[in-house]
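Undergrad: Here you go, one structure.
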């Protein structure tokens, strides 16, 4: 039921239109509500929860949370931040819509809510996509279609899981951006990735600087010697990277040159071949 309606938006999913009458809002005790065990978001900052709590104190809970009943308790499907903010205020109850959902739907709806509202950092999103594919036995292309993202966007996120755990933590904290992480994935070996990541973080280097360091570390003097590249070639590279979901470099010398498409696993190679051959 949920899978068939994924393209229609979060509000549609959570309200359960067509299959059931209009959902009613009821007050449920806060102490009887548990968090979503499939919640992909792992970080809830004190600042954002404090701001939300202040708003709730002033105006109340403007949008009810959505829960499922599990025995004599409830589990959150959507609205965990509102739940936590209400708990911090010491409230006794919270407005909620109760609907039916199995474990698979819980994971699916939690991911869609966070993706549509951009509540996840890159590593949380990467882990959520991977978990989604594992749980439902889906390809990256199928996940992309279900959540309304491009396949390259999903592929780029999942590739972040190839980074060592300590660098993943830097991405989670925002010390490294997703652009930095994607560049570092092209470095030859984990130790080189760590050395370059430390330099990027310490010197506050840009993504372009990180890419240059990776090119130099790969031992390709032609790439490392490039000082500047024409704007139209940089733009073409960026378009190809977004379309293919991997690193692409373009070199042109008087109308002749090369386009280099890189891959970092057998699976990614197969995906690129399939995409290029249609």
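Undergrad: What is the gain in length, in nm to one decimal, between residue 88 and residue 263 on full extension, counting 0.36 nm per residue of separation less the C-alpha to C-alpha distance?
TA: Separation in residues times 0.36 nm, less the Cα-Cα distance, equals 58.3 nm.
Undergrad: Take every Cα-Cα distance within segment 230-278, group them into 10 Å bins from 0 onward, and report for each bin the whole-number percent of pairs it holds.
TA: 25, 50, 23, 2
Undergrad: Return the FRET efficiency for the residue pair residue 242, residue 199: r is the Cβ-Cβ distance, R0 is 25 Å, and the value is rounded to the nearest 0.05.
TA: Numbers: r = 26 Å, r/R0 = 1.05.
About 0.45, to the nearest 0.05.
Undergrad: Then there's this: Order these by the 10 Å Cβ neighbour count, fewest first: 59, 180. Intermediate values should be presented prior to the final figure.
TA: Working: 59 8, 180 23.
The most exposed by this proxy come first: 59, 180.
Undergrad: Starting from the Cα of residue 173, step 7 Å along the direction of its Cβ; do the same at residue 59; then give the gap between the two resulting points in nm.
TA: Label-label distance for residue 173 and residue 59, simple model: 3.5 nm.
Undergrad: Next question. So for 109, 161, 184, 70, fewest C-beta neighbours within 10 Å to most, what's the order?
TA: Ascending number of Cβ neighbours within 10 Å: 70, 161, 109, 184.
Undergrad: Hey, can you rank 164-172, 148-156 by average C-beta count inside 10 Å, highest first?
TA: Per-residue mean Cβ counts within 10 Å order the peptides as 148-156, 164-172.
Undergrad: Shifting gears a bit: Taking neighbour counts of Cβ atoms within 10 Å as a proxy for exposure, in what order, fewest first, do 135, 256 appear? Walk me through the intermediate numbers first.
TA: Numbers: 135 14, 256 7.
Sorted ascending by nearby Cβ count, the order is 256, 135.
Undergrad: Determine the gain in length on full extension of the stretch residue 25-residue 276; use 0.36 nm per residue of separation and subtract their C-alpha separation, reporting nm with one decimal.
TA: 85.4 nm
Throughout, read-outs are computed from the coordinates displayed, never taken from laboratory work. No experiment lies behind these values; they were computed from the predicted model shown. Neighbour counts run over all protein chains shown; Cβ positions are idealised from the backbone, glycine included.
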